[in-house]
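A quick write-up on the structure given underneath.
The values are calculated or read from the model by the stated rules, or taken from the named source; none is laboratory data. Computed from a predicted structure; not experimentally measured. FYI the Cβ positions are ideal-geometry reconstructions off the backbone, even for glycines, and counts take in every protein chain you see. To get the accessible areas, we keep the full protein, side chains included, count just its heavy atoms, and leave off ligands, DNA and RNA. Shrake-Rupley method; radii C 1.70, N 1.55, O 1.52, S 1.80 Å.
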Amino acid sequence: MNNIKIGKIGIIGLGYVGFISAVGFALKGYKVKCVDILENNVKMANNGEVPFFEPNLRENLGKVLESKRFSASKDYTILKDTDISFICVGTPSLKTGEIDLKYIKSSAENLGKVLGTMDHFHVAVVKSTVVPGTTEEVVLPILEKFSGKKCGVDFSIAMTPEFLKEGDAMNDFLNPDRTVIGASDQRTANLLKNLFMQLGGKILIVRNPRTAEMIKYANNTFLAMKISFINELANISRTIGGIDINEVAQGIGLDQRISGKFLKAGCGFGGSCFPKDVKAIKEFAKNRGYNPILINAILDVNEKQPLIMIKILKEAIGNLKGKKIAILGLSFKPNTSDMREAPSIKIIDQLVKEGVILNAYDPVAIDEAKKLIKGTINYSNSLLNCIKGADACLIITEWDEFRELTPDFFIKNMKEPIIIDGRKIYDFNLFSSKLKYYTIGQK
Ligand code: UGA
């Protein structure tokens, strides 16, 4: 093991994390072999196509395919000559909020079988988000069982959480601010340190995989807490009037112990990570007999936050029945087509119930939205068509395309120029001097 040199890297699971990591390592000069159980993911990857929208990924995939440093297969045996493999499979939520480990277990079983045929030392790393204890108590025993080999002798294990942000993931992978490593032994930790040092950023080696697993949950829960905190203060500020929540965030953000990041009040957090991870750590705590009061509150605030948009809308236009409302932005944040847990879903569902006629526009997420939004709404092919003749407009996602709009554009094209801006993308003084402009936390 002392002499182990990483030449070939295996990636298990061509979802979001796996795809980015595979292309990222290949760009850094490693030969990367990927496996996925879905024929379609494999085919697309080998043809240079990406099954989701992520800036720069497709171009970089093209580069690494051309240099023959990236290949994908359904067959796990292609991992046989890899020195290290990263398990990047999904850990979806069960109905209870706990995470489902079925893909972790099946991938560990398949990796275990290949591990059994390897004649060299191998490092198996979990990159999927898993609750504390999973790498040591679930993955390790499965690897030992199906390989017939012993951890610490023939292979080792580690956990390195991923901190990629959708929409900027390629950049996050290639220029990380930090990498956290929890390994079964010091030599494995050092090996991973050398690998990740090539990407830059700070490296933190922690005492074991479960600490690394907890860091991932702590990270996302803390950021989600900052958002729910500022959203709660925004809601309180609205009851008083005259307070600008952006200035409040700026004021506390100047305190270096707090920092101004992730203090943008709005219609709530969504996506595939924050809601899922906060629920998972909550259930994890509850299953161990601990009632996580603070974590419950983060979720409670976020559950109600999208509906504040409707409350403000009612204050602005009264009865909603039969009103024509324009929705700008559907994805949970800009630069992604991801609609998972997007605040737009909850807002639209409620508006449909209230008998509103809805026109929605998003630059990339309409196809995904159609899969998740149940009620009947009209999808517009352009921003202009969306707002034309509307009684009010709700801004739910802060796409750049929306930022460029002027008050005159809304005045000229809407029936009533009333904007409820859930992401505070315009100059409050300018917009509120020209039209009826409402935001969360500024009144
Ligand atoms: C998040 C974390 O930021 C990543 O570090 C982490 O790796 C990732 O989850 C993950 O676990 O995989 P992501 O879900 O892509 O990344 O999106 P963020 O940019 O963090 O935004 C999450 C949500 O919070 C969005 O709905 C966004 O609109 C909202 N948000 C963010 C706010 O409402 N206010 C803010 O100040 C910041």
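Couple of notes before you dig in:
- Rough spin-label spacing in nm, given labels placed 7 Å along Cα→Cβ, for Glu49 and Lys261: 3.6
- Only Lys, Arg (+1) and Asp, Glu (-1) charged, at Cβ; region 111-182 dipole about Cα centre in debye: 260
- Between region 336-356 and region 31-51, the alpha-carbon center distance in angstrom: 32
- Among Leu430, Tyr290, Val130 the positive-end extreme of the charge dipole of the chain (Cβ point charges): Tyr290
- Debye, to nearest 20: dipole size of region 243-439, +1 on Lys, Arg Cβ, -1 on Asp, Glu Cβ: 560
- With each label modelled as a point 7 angstrom along the Cα→C-beta vector, the Thr376-Asn175 pair spans 4.9 nm.
- Computed from backbone phi, the HN-Hα couplings of region 182-187 come to x, 10, 6, 7, 5, 5 Hz, rounded to whole numbers (Karplus: 6.51 cos²θ - 1.76 cosθ + 1.60, θ = phi - 60°; Gly and Pro given as x).
- Virtual spin-label span in nm between Lys150 and Leu199, 7 Å along Cα→Cβ: 3.3
- This model, with +1 at the C-beta of Lys and Arg and -1 at the C-beta of Asp and Glu, gives region 8-207 a dipole about its Cα centre of some 380 debye.
- If the segment from Lys353 to Asp427 were pulled out straight at 0.36 nm per residue, it would be longer than the present Cα-Cα gap by 23.4 nm.
- Of the accessible area of region 8-207, computed with a 1.4 Å probe over protein heavy atoms only, carbon and sulfur atoms account for 50 percent.
- Nearby lysines by direct alpha-carbon distance to Lys323 (threshold 17 angstrom, same-chain neighbours under 8 apart not counted): Lys311, Lys314, Lys353, Lys388, Lys415, Lys436
- Using θ = phi - 60° and Karplus 6.51 cos²θ - 1.76 cosθ + 1.60, couplings along region 144-150 (whole Hz; Gly, Pro as x): 5, 4, 8, 9, x, 10, 10
- Straight-line cross-link partners of Lys304 among the aspartates and glutamates, defined as a Cα under 12 Å from its Cα and at least 8 positions apart when in the same chain: Glu232.
- Estimated from helical segments only, the mean residue ellipticity of the chain at 222 nm is -13000 deg cm²/dmol, where each DSSP H run of four or more residues counts as -39500 (n - 2.57).
- If the chain linking Ile6 and Ile37 were pulled fully straight, counting 0.36 nm for each residue of separation and taking away their Cα-Cα distance, it would gain 8.7 nm.
- Ligands, DNA and RNA excluded, the heavy atoms of Asp244 present near 40 Å² of accessible surface to a 1.4 Å solvent probe.
- For Ile203, residues with placed amide H under 5 Å, excluding near neighbours: Thr179
- Here Lys113 is the anchor, and the aspartates and glutamates within straight C-alpha reach of less than 14 Å, apart from those fewer than 8 places off in the same chain, are Asp75, Asp81, Glu144, Asp154.
- Amide H contacts under 5 Å for Ser73: Cys34, Val35, Asp36, restricted to partners 5 or more places along the chain or on a different chain, H placed in the peptide plane at 1.01 Å from N.
- Neighbour cut-off at most 11 other Cβ (10 Å), DSSP loop, chymotrypsin sites (Phe, Trp or Tyr not before Pro), region 345-443: none
- Which listed pairs, of Lys43/Lys261; Lys165/Lys279; Lys68/Lys333; Lys105/Lys261; Lys226/Lys346, have C-alpha distances above 28 Å, in listed order: Lys43/Lys261; Lys68/Lys333; Lys105/Lys261
- Long-range HN-HN contacts of Tyr379 with modeled amide H, under 5 Å: Ala360
- Were the residues from Glu109 through Thr211 laid out at 0.36 nm apart, the gain over their Cα-Cα distance would be 34.4 nm.
- Karplus-derived HN-Hα couplings along region 403-417 (A = 6.51, B = -1.76, C = 1.60, θ = phi - 60°), whole Hz, x at Gly and Pro: 4, 6, 6, 9, x, 4, 4, 5, 4, 5, 9, 8, 5, 10, x
- Region 1-123: C-alpha gyration tensor shape, a/c 1.5 cut-off, then a/b vs b/c: oblate
- Computed over the Cα atoms of the chain, the ratio of the radius of gyration to the Kirkwood radius (Rg/Rh) comes to 1.02.
- Applying 1/(1 + (r/R0)^6) with R0 = 22 Å to the Cβ-Cβ distance of Phe222 and Lys434 gives a FRET efficiency near 0.05.
- Efficiency of FRET from Cβ geometry, Thr406 and Arg187, R₀ 56 Å, rounded to 0.05: 0.40
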